[in-house]
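Here's the structure we're looking at; comments come further down.
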Amino acid sequence: RLNKHTGGVRSFSTCPRLQAVMQAWVIDHYGDNSVFRFTKNAAFPSILYPNEVIVQVHAAALNPLDVNMRGGYGAATMAMKRDPLNINKSGSEFPLILGRDVSGVIMECGLDVAYFKPGDQVWAAIPPWKQGSLSEFVVLSANEVSHKPKSLSHTDAVSIPYVAATAWSALVNTASLNKDNCSKKRILILGGSGGVGTFAIQLLKSWGGHVTVTCSQNAEGLVRSLGADDVVDYSSGSVERKLSAKDKFDVVLDNVGGETEKWASALLRPWSGAKYVTLVTPFLRNTDRLGLADGMMQNFVTIATKAVKHLRTGVHYRWGFFSPSGSALDDVSEMVDAGKIRPVVEKTFSFSQVPQAMEKVEQGHARGKIVVTVV
Ligand code: NDP
């Protein structure tokens with residue numbers, strides 16, 4: 001993945017850059033699904049830094065974050081990431097393109113990009129402060145991009161990057177799990193049937209962990225087919241009571257949040273380094289509500305208070321976050337090609353059906369991922 005100076009922008013010869021505009025689904029303000037607008041005149045992305053690449057999007061996938069961002073969630077933090085010096089006027093993020101997963105072909109490389117060349121088939125999870133993949137082309141840093149698994153079509157591959165990068169960040173970076181230390185670990189995944197859950201089950205099983213999953217009764221077949229050892233139906237009876245009757249866990253990955261946080265850490269083996277990691281955090285809501293400075297202060301106070309409270313009971317409390325990582329996706333790509341991880345696509349929509357695809361995500365009850373074919 002080392003970049004070295006190569007001396008020029010390189011373009012995909014069969015896909016010359018002739019256009020200054022492209023097709024995209026954009027939003028011009030925050031709101032419900034009616035804010036989506038299809039345009040043939042979206043600004044074509046430009047390479048501004050030497051480590052960037054332009055990817056021609058073949059397929060995109062949706063996440064709950066897209067629905068939330070459509071409504072303005074995280075706007076304060078994203079504005080700070082896009083414009084740290086606060087030079088632009090408010091609303092300068094519009095027209096905004098959503099879509100966090102991309103699978104496609106490298107079309108153009110910046111001067112310093114050595115790991116990729118035009119024509120390479122790649123996948124990536126796009127950070128939420130960047131323009132997304134519901135468009136024909138997207139610009140990314142080369143370190144966010146990875147060669148896609150050879151064994152998958154773009155439509156299948158695109159279901160993986162964002163949930164993989166999130167699960168990897170939460171399980172590897174935050175919960176300190178990896179392929180060498182998982183075999184004797186008991187891991188509980190709260191919410192196993194959605195995007196993050198279906199990926200996390202497979203990752204942990206391929207590393208030899210013992211995986212218990214909570215989900216609705218009608219998702220049991222799916223999560224078992226992905227390797228879950230023990231499945232608990234949360235929709236009938238007390239899930240807390242059912243889980244309390246089981247052996248203690250080394251890690252809890254919480255994809256559900258809310259009430260679960262009140263009881264889930266008690267399921268961990270105390271004084272053994274066990275960790276509760278939740279993906280459902282108030283981080284962005286605090287900065288949206290209180291502004292950046294006060295919101296960050298509130299976040300610090302909340303996480304510190306909870307971490308200390310949990311430490312007294314002998315367990316660790318952590319917030320997990322999506323983190324873009326081309327190198328993590330390289331590892332995942334190998335695991336996919338080795339047959340250890342498979343895509344879980346619930347439904348595929350055409351590019352003209354983006355609002356319907358978003359509506360499907362908004363309805364909840366995901367069973368894997370919603371994918372949009374672009375090419
Ligand atoms: P999905 O919508 O794909 O999946 C959520 C799943 O949880 C669905 O299958 C749903 O099915 C199931 N579910 C709902 N309620 C419960 C419950 N009480 N117990 C068990 N299962 C339940 O979401 P993702 O997997 O993509 O993401 C999971 C969460 O993580 C979301 O809240 C998301 O916003 C958050 N997230 C946070 C990130 C971060 O950076 N912090 C990054 C990525 C995701 P059903 O309702 O039928 O049971």
Completion exercise
If the chain between His365 and Ser225 were fully extended at 0.36 nm per residue, the gain over the current Cα-Cα distance would be 48.6 nm
Problem - Protection-proxy order for peptides 127-134, 37-44, each taking the mean of Cβ atoms within 10 Å per residue, highest first - result: 127-134, 37-44
Handout entry: Residue order, fewest to most beta carbons within 10 Å, for His365, His147
Key = His365, His147
Exercise for the section: Specify the inter-centroid distance of the range 35-92 and the range 261-293, based on alpha-carbon positions, in whole Å. Expected result: 27 Å
Fill in the blank from the handout: Loop-resident chymotrypsin sites (Phe, Trp or Tyr not before Pro) in the range 306-375 with no more than 16 other Cβ atoms inside 10 Å, DSSP not H/G/I/E/B, are Phe321
Fill in the blank from the handout: Expected max-MSF residue from Val232, Val252, Val55 in the GNM of the chain (alpha carbon, under 10 Å) is Val232
Problem - Of Lys242/Lys262; Lys185/Lys369; Lys40/Lys148, those spanning more than 25 Å from alpha-carbon to alpha-carbon - result: Lys185/Lys369; Lys40/Lys148
Completion exercise
Per the rule of 0.36 nm per residue minus the C-alpha distance, extending Ser176 to Lys248 adds in nm 24.1 nm
Exercise for the section: Could you tell me, in Å, what Rg and Dmax come out for the Cα atoms of the range 226-375? Expected result: 18.9, 54
Practice task
Show which aspartates and glutamates lie in cross-link reach of Lys179 when reach means a straight Cα distance below 20 angstrom and same-chain residues fewer than eight apart are skipped.
Solution key: Asp229, Asp250, Asp330, Asp331, Glu334, Asp337
Exercise for the section: Sort the chain into rounded, prolate or oblate with this rule: let a ≥ b ≥ c be the square roots of the eigenvalues of the Cα gyration tensor; rounded if a/c is under 1.5, and if a/c is not under 1.5, prolate when a/b is larger than b/c, oblate otherwise. Expected result: prolate
Exercise for the section: Figure the gain on full extension for Asp330 and Phe300 (residue separation times 0.36 nm, minus the Cα-Cα span) and round it to one decimal in nm. Expected result: 7.5 nm
Fill in the blank from the handout: Hits in the range 53-85: amide N under 11 Å from the 7 Å Cα→Cβ extension of Tyr30, namely 68-79
Fill in the blank from the handout: Per the Cα gyration tensor, the range 136-242 corresponds to an equivalent ellipsoid with semi-axes, largest first in Å, of 27, 17, 12
Fill in the blank from the handout: Between Asn41 and Ile87, Cβ-based FRET efficiency (R0 30 Å, step 0.05) works out to 0.75
Exercise for the section: For an R0 of 56 angstrom, estimate the FRET efficiency from the Cβ-Cβ distance between Ser272 and Val21 and round to the nearest 0.05. Expected result: 0.45
Exercise for the section: Give me the angle, in degrees from 0 to 90, between the Cα long axis of helix 195-206 and the longest principal axis of the Cα atoms of the chain, rounded to the nearest 10. Expected result: 70 degrees
Fill in the blank from the handout: Plugging the Cβ-Cβ distance of Ala338 and Lys262 into 1/(1 + (r/R0)^6) at R0 = 41 Å yields, to the nearest 0.05, a FRET efficiency of 0.55
Practice task
Take the alpha carbon atoms of the range 324-355, find their center, do the same for the range 126-200, and report the distance between the two centers in whole angstrom.
Solution key: 8 Å
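Each value in this text was obtained by applying a stated rule to the coordinates, not by laboratory testing. Source: prediction; values computed, not measured. Cβ coordinates were reconstructed from backbone atoms using ideal geometry, including for glycine residues, and neighbour counts include every protein chain displayed.
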